[in-house]
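Beneath this line is the structure, given in structure tokens, with notes to follow.
The values are calculated or read from the model by the stated rules, or taken from the named source; none is laboratory data. Keep in mind it's a predicted model, so treat the numbers as computed, not measured. Note that each Cβ is placed from the backbone with ideal geometry, even for glycine, and that neighbours are counted across all protein chains shown. Accessible surface is based on the protein model in full, side chains and every heavy atom, while ligands, DNA and RNA are left aside. Shrake-Rupley method; radii C 1.70, N 1.55, O 1.52, S 1.80 Å.
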Number of protein chains: 2
Amino acid sequence: MLNLVELGKSAKIAARQLATFNTQQKNNALLAIAEELEKQSDDVLKQNALDIKDGEAEGLSKAILDRLLLTKKRVECMAADVRKVAELPDPVGKNISETEMYNGMKLIKRRVPIGVLGVIYEARPNVTIDVATLCLKTGNAVILRGGKETFRSNIALVNVIQTALENAGCPKNAVQYIDNPDRKYVTELLQLHEYVDMIIPRGGAGLHKLCIEQSFIPVITGGIGICHIFVDESADLTRAVDVVENAKVQRPSVCNALDTLLVHKNVAEKFLPEVADRLAESEVELRAEKKAFKILENSNALVIPAGEDDFDREWLALILGVKVVDGIDEAITHIHEHSSEHSDSILTQDDANAEKFINEVNSAAVYLNASTRFTDGGEFGLGAEVAVSTQKLHARGPMGLEELTTYKWIGIGDGHIRE
Amino acid sequence: MLNLVELGKSAKIAARQLATFNTQQKNNALLAIAEELEKQSDDVLKQNALDIKDGEAEGLSKAILDRLLLTKKRVECMAADVRKVAELPDPVGKNISETEMYNGMKLIKRRVPIGVLGVIYEARPNVTIDVATLCLKTGNAVILRGGKETFRSNIALVNVIQTALENAGCPKNAVQYIDNPDRKYVTELLQLHEYVDMIIPRGGAGLHKLCIEQSFIPVITGGIGICHIFVDESADLTRAVDVVENAKVQRPSVCNALDTLLVHKNVAEKFLPEVADRLAESEVELRAEKKAFKILENSNALVIPAGEDDFDREWLALILGVKVVDGIDEAITHIHEHSSEHSDSILTQDDANAEKFINEVNSAAVYLNASTRFTDGGEFGLGAEVAVSTQKLHARGPMGLEELTTYKWIGIGDGHIRE
């Protein structure tokens, strides 16, 4: 019988142990996981095959089934990724600052693990390994709750992790899984604030809404990107075509892909047909508001009039909203109204407009003369990515290892008292 | 008719304007508030007198009435405090890091305002000015909700602020007040996640619980300190008496005051009577568990047996829980079970025990050979204090101006696309 309070308690105890481990001990645990993963590869694949069979029976699409599928090669990649995490620098234990107080006491602000994290995710089973290893590296315990489509795969992977943890002398409760697909356990997890310090949902808008509304625990929302590029009248229009194409086409299914193109009215007549031609090569469908539609209707592009909500959608597909604006003010107002504050970009040669856009567009990542596709832990040099936050507290944008830590203050005296 | 959605919308618009203000503009607004406060001092005092009259009629205690009371002198102090905030360095706009990406793009991590804060507080009316000025300094808009006991005083103070903001060319909606004491508006505020980015409750455990359970917005919990000192067997016992006295007696009504004294069994017979004698001078009541009681029962101190929940109470009064422990492990276990993770201290001359305590006690502030009373923004050199956080996300311990900010990523390219 699954008891989430017990799960939470044991996670907190494990977290306290983990917090005392040094980098070497944590890395040993990671290497043990990689090894165990290779060792139990066949079992994992067997369980995954059962998940896939169920998925086929339930009529899941080929694209989704491919996301759920594990292969020998994919398991090897997972093991290789775990070894890479072991090689990353450990942020825990670093002193963020070290000062002397007015009374001679030493005051240290030191990076420490957060404690217990709750991660709720959908689809791909590699997230299980991914999240668990990043949490372990930073000395955090984690309670995982994956999607029902890969239930058996996830259980198998958590078994791998727990076996490895025990072999490496780590508390196996550092990584636990909610092994009952009943949704009520998600609600219970979200209310475990005595034991869980942070919730990271990785999934669609519905999951985020559920977490925001039900959680007693701080939630890192994010991963949903309604991203904009504004092509100013001074933009280098030749390069702008490349940037827009890259942002839209290179990988349309991800959160930092472009959703809406805003074009200054003074260059719209010239730029829109050019970019439409280029996007037509990748069969991008354009959803154009009135003015843009008028310019584009006789082009080669697949263009249809924009619907009412088309500027509030994260497309995740080869579709692009297009709008002509009077200038930077209208562009910024549009972004304030429709952006999910993930990634927005201005293409301009005008310094004042560049500065204005950078200052006034308050998204997690704001770009000047660059594709929105760069918002990514790897691209930013963080070494890893747990999630992309679009909320304001604790972390914004790509979250790496450091964002899985907090700090504590350490005051060192010699019998000091406050006057 | 109070409409919280409208309040939230206008706060968000004001926050966007404020975010574009430079330090000088924000400081001018602060100086205008100080001036207006002096100018409208009589009006503020008149409204406060009405609050006090109601409070007396409702039978509020003298201590509470004194907390609510404003005097000419206190208003002058408030104005002086506002001028001090104007002098503090502005964290907004500072680049936290500036790197070059692998592809030559410049990547800046820049400190920016959070946006809109919601602050729910009880009692003292100076919090209205205090919180509003710290928010303005950091470019944030704020929605305030004070206690009903100072309803009129708070409204008068918000009028002062809004008049000053308008005079200084700032959006007056940067500081708004929920001017209806109905509790349902607290719930509405807590669900305004589309417009409010962070909730800071400043009050008792009930308020914090309400915020945790009802809020859709990240809540900074804190301000409740069940604080411990562990006197190890190697402690300098003479100094230990001073430290314990300071932590308990200097200002017993605050959150960083001592609540529980843990003493190593090998020094309990010697230390407990000494410290009890000293605490008796300030008429501290001791709530002692069995072993401690046995040692203390014939002393001069006012000592009674500890009740069941006495180690889970923040006393905020001249009362102290006392317990004898077998050693550092039992001390740490006790702290894990009973501490609110605010401030805990070890007094020891043993380096290994010092390190163990610092590593394993995961409180916002951990001390070695020092009083717990140092956990304070002013003492830590932060220049100001909005709250003391005992949760893990975003900020821990005293929150100064920097903790009222977040960051954004700025990527500067020259037509860069992702390969």
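See the values below:
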{"item": "Strands (runs of 3 or more DSSP E) within segment B:106-189 that include 2 or more residues of a type outside the set (Phe, Trp, Tyr), within 14 Å of chain A (Cβ to nearest Cβ) and open to solvent by 10 Å² or more (accessible area, probe 1.4 Å)", "result": "B:106-113"}
{"item": "Segment A:323-341, residues that are open to solvent by 10 Å² or more (accessible area, probe 1.4 Å), on the phi < 0 side of the Ramachandran plot and within 14 Å of chain B (Cβ to nearest Cβ)", "result": "A:Ile328, A:Asp329, A:Thr333, A:His336, A:Glu337, A:His338, A:Ser339, A:Ser340"}
{"item": "Residues within segment A:287-310 that are over 33 Å from the mean Cα position of the chain (by Cα) and part of a loop (DSSP other than H, G, I, E, B), tallied", "result": "4"}
{"item": "Matching helices (runs of 4 or more DSSP H) fully within segment A:19-102 where at least 2 residues are farther than 20 Å from A:Val127 by Cβ and not hydroxyl-bearing (Ser, Thr, Tyr)", "result": "A:23-39, A:41-57"}
{"item": "Meets criteria (closer than 21 Å to B:Pro113 by Cα, modelled with pLDDT of 95 or more and hydrophobic (A, V, I, L, M, F, W, C)) for A:Leu347", "result": "no"}
{"item": "Filtered residues of segment B:404-419 (kept if open to solvent by less than 20 Å² (accessible area, probe 1.4 Å) and more than 7 Å from every other protein chain (Cβ to nearest Cβ))", "result": "B:Leu404, B:Thr405"}
{"item": "Only listed residue being open to solvent by 30 Å² or more (accessible area, probe 1.4 Å) and either farther than 30 Å from A:Asn359 by Cα or touching a residue at least 40 places away in the same chain (Cβ under 8 Å) (or both), chosen from A:Leu316, A:Leu296, A:Leu320", "result": "A:Leu316"}
{"item": "Check on B:Thr99, hydroxyl-bearing (Ser, Thr, Tyr) and touching a residue at least 24 places away in the same chain (Cβ under 8 Å)", "result": "no"}
{"item": "Qualifying residue in segment B:234-246 (condition: of a type outside the set (Lys, Arg), outside any helix (DSSP H, G or I) and more than 10 Å from chain A (Cβ to nearest Cβ))", "result": "yes"}
{"item": "Some residue of segment A:249-269 being within 14 Å of chain B (Cβ to nearest Cβ), in a helix (DSSP H, G or I) and under 32 Å from the mean Cα position of the chain (by Cα)", "result": "yes"}
{"item": "From B:Ile229, B:Ile212, residue being within 18 Å of the chain's Cα centre (by Cα) and not in a loop (DSSP other than H, G, I, E, B)", "result": "B:Ile212"}
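Residue by residue, here is whether (1) within 7 Å of another protein chain (Cβ to nearest Cβ); (2) in contact (Cβ under 8 Å) with a residue 60 or more places away in the chain; (3) within 17 Å of the chain's Cα centre (by Cα) holds:
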residue	(1), (2), (3)
B:Ser343	no, yes, yes
B:Ile346	no, yes, no
B:Ala352	no, no, no
B:Thr372	no, yes, yes
B:Leu382	no, no, yes
